[in-house]
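Participant: I have a structure I would like to understand better, so I am pasting it below and will then ask my questions one at a time.
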Amino acid sequence: MSLLFSPKKLGPHQLDNRIIVAPMCQYSAQEGYPTAWHTMHYGQLALSGASLVIVEATAVEPRGRISYKDLGIWSDQHGSELKKLVENIKQYSPAKIGIQIAHAGRKASTDLPWNGGASLAPDSPNGWQKVAPSEIPFSHHHQPHALAIDEIEEIKQAFVNAARRAELAGFDVIEIHGAHGYLLHEFLSPLSNHRTDQYGGDFNNRSRLLVDIFVAVKNAVSENVCVGVRISATDWVEGGWDLESTIALTQHLEELGCHYIHVSSGGLSEKQEIKLGPNYQVPFAQAIYNETQLPVITVGLITEPEQAEAILLTEQADFIALGRGILYDPRWPWHAAEKLKQTIKVAPQYLRCAPHGSKGFFK
């Protein structure tokens, strides 16, 4: 059997295969609420054959959105609307459904990407005041407000409230967003965190907020919910957050009962020098895989079934997350199963579409 199509546990859940849909922002919400776009978008991805679909970064408070069109989960009504989305999907798909809970920090208050994605000033119609560990702006964005201790406590509670709502909405997996230059990553990196209190300075202080939020979220939900963390393994900048720190943080999260680590990189600094290419982030995943027992999800320019299979065979990661590739080809898992001569579960409505001569690979 292909490893890509072999089952494996992720926290309390048994996944049918190792293919995961990574969270990808859609910038299509209304006041944080999901729209018909989300029903169509996540519906098709949940019918793709992937075993887990993680819903995009969903803000724990209004100012934690990247753009004014981001999803939110800062009220019970947001939770109720997301519950409808999950229930609609689960009527027809066996896939597990996750949600990434997030705060954009100093990278918040932007225009939509297809409008240029520029930073929006606090006094602009769709803008607001950004917050961050320190008053250090990202690139050419406006200066953020440095969070006071009481404000940090409020954000912690916002993550906890979001997690509770996510469980009530029926999500199987909660992923805490600690990557890509957003708030929790900003606290981790010495490039963006110049605080001198208990949340700044050494590694333990800079990682305190993410760790505190993880523990609080894990304690706030039942054992039926898988709780993991997404992290940028490196800032790709000299003197920034690095792989050694990521491994140390992952080992600590493992001790605290984290269910998985989702390994990405970059996003914190405009000075980053990323060496793009196939598998460019896989070495980071492998380094973490080698130093912990935690299930590792890898992502980034993994486009071919044989490539994904090789990553698993050579023990560089436990799961393969697909991003842009599965947007381009929402039937990627079907095509991978055919190429690797495996079988895959599909909705009965689609059984008769198997190509001539390949009918055996649909379950």
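The values are calculated or read from the model by the stated rules, or taken from the named source; none is laboratory data. Because the structure is a prediction, the values reported are computed rather than measured. Note: ideal-geometry Cβ built from the backbone for every residue, glycine included; neighbour counts use all protein chains shown. With ligands, DNA and RNA removed, areas are computed over all heavy atoms of the protein, side chains included. Shrake-Rupley method; radii C 1.70, N 1.55, O 1.52, S 1.80 Å.
Participant: Among the residues of the range 306-329 satisfying the criterion of being touching a residue at least 60 places away in the same chain (Cβ under 8 Å) and open to solvent by 30 Å² or more (accessible area, probe 1.4 Å), which is farthest from Gln100 (Cα to Cα)?
Facilitator: Taking the candidates together, the pick is Leu313.
Participant: Shifting gears a bit: Examine the range 281-298 for a residue that is in contact (Cβ under 8 Å) with a residue 60 or more places away in the chain and either in contact with a Lys or Arg (Cβ under 9 Å, 6 or more places away or on another chain) or not in a loop (DSSP other than H, G, I, E, B) (or both), and state whether such a residue exists.
Facilitator: Yes, the conditions are met somewhere in the range 281-298.
Participant: Continuing with the same structure: Considering the range 73-96 alone, what residues qualify as being surrounded by fewer than 24 Cβ atoms within 10 Å (Cβ to Cβ) and not in a helix (DSSP H, G or I)?
Facilitator: Within the range 73-96, Trp74, Ser75, Gln91, Tyr92, Ser93, Pro94, Lys96 meet the criteria.
Participant: Name the helices (runs of 4 or more DSSP H) wholly inside the range 176-257 in which the number of residues that are over 19 Å from the mean Cα position of the chain (by Cα) is 1 or more.
Facilitator: Where helices (runs of 4 or more DSSP H) fall fully within the range 176-257 and carry at least 1 residues being over 19 Å from the mean Cα position of the chain (by Cα), they are 203-206, 208-220, 243-255.
Participant: Go through the range 237-252 and report how many residues are in contact with a Leu (Cβ under 7 Å, 6 or more places away or on another chain) and within 10 Å of Thr292 (Cβ to Cβ).
Facilitator: Qualifying residue count for the region: 1.
So that you can scan it fast, the table gives a plain yes or no per residue for (1) farther than 20 Å from Ile297 by Cα; (2) in a loop (DSSP other than H, G, I, E, B):
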{"site": "Ile320", "(1), (2)": "no, no"}
{"site": "Pro333", "(1), (2)": "no, no"}
{"site": "Glu338", "(1), (2)": "yes, no"}
{"site": "Lys341", "(1), (2)": "yes, yes"}
{"site": "Gln349", "(1), (2)": "yes, no"}
{"site": "His356", "(1), (2)": "yes, yes"}
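Participant: Condition first: open to solvent by 10 Å² or more (accessible area, probe 1.4 Å) and of a type in the set (A, V, I, L, M, F, W, C). Now tell me which residues in the range 274-293 satisfy that.
Facilitator: The answer is Ile274, Leu276, Phe284, Ala287.
Participant: So Glu167 fits all but one of (1) open to solvent by 40 Å² or more (accessible area, probe 1.4 Å); (2) touching a helix residue (DSSP H, G or I) at 6+ places or on another chain (Cβ under 7 Å); (3) part of a helix (DSSP H, G or I); (4) not basic (Lys, Arg); what number is the exception?
Facilitator: Only one criterion is unmet by Glu167, namely (2).
Participant: Any residue that is assigned to a helix (DSSP H, G or I), open to solvent by 10 Å² or more (accessible area, probe 1.4 Å) and touching a helix residue (DSSP H, G or I) at 6+ places or on another chain (Cβ under 9 Å) - is there at least one of those in the range 118-140?
Facilitator: Looking through the range 118-140, none of the residues is assigned to a helix (DSSP H, G or I), open to solvent by 10 Å² or more (accessible area, probe 1.4 Å) and touching a helix residue (DSSP H, G or I) at 6+ places or on another chain (Cβ under 9 Å).
Participant: So, Lys363, is that one in contact with a Lys or Arg (Cβ under 8 Å, 6 or more places away or on another chain), within 21 Å of Ser2 (Cβ to Cβ), without any contact (Cβ under 8 Å) to a residue 60 or more places away in the chain and open to solvent by 80 Å² or more (accessible area, probe 1.4 Å) or not?
Facilitator: Against the criterion (in contact with a Lys or Arg (Cβ under 8 Å, 6 or more places away or on another chain), within 21 Å of Ser2 (Cβ to Cβ), without any contact (Cβ under 8 Å) to a residue 60 or more places away in the chain and open to solvent by 80 Å² or more (accessible area, probe 1.4 Å)), Lys363 qualifies.
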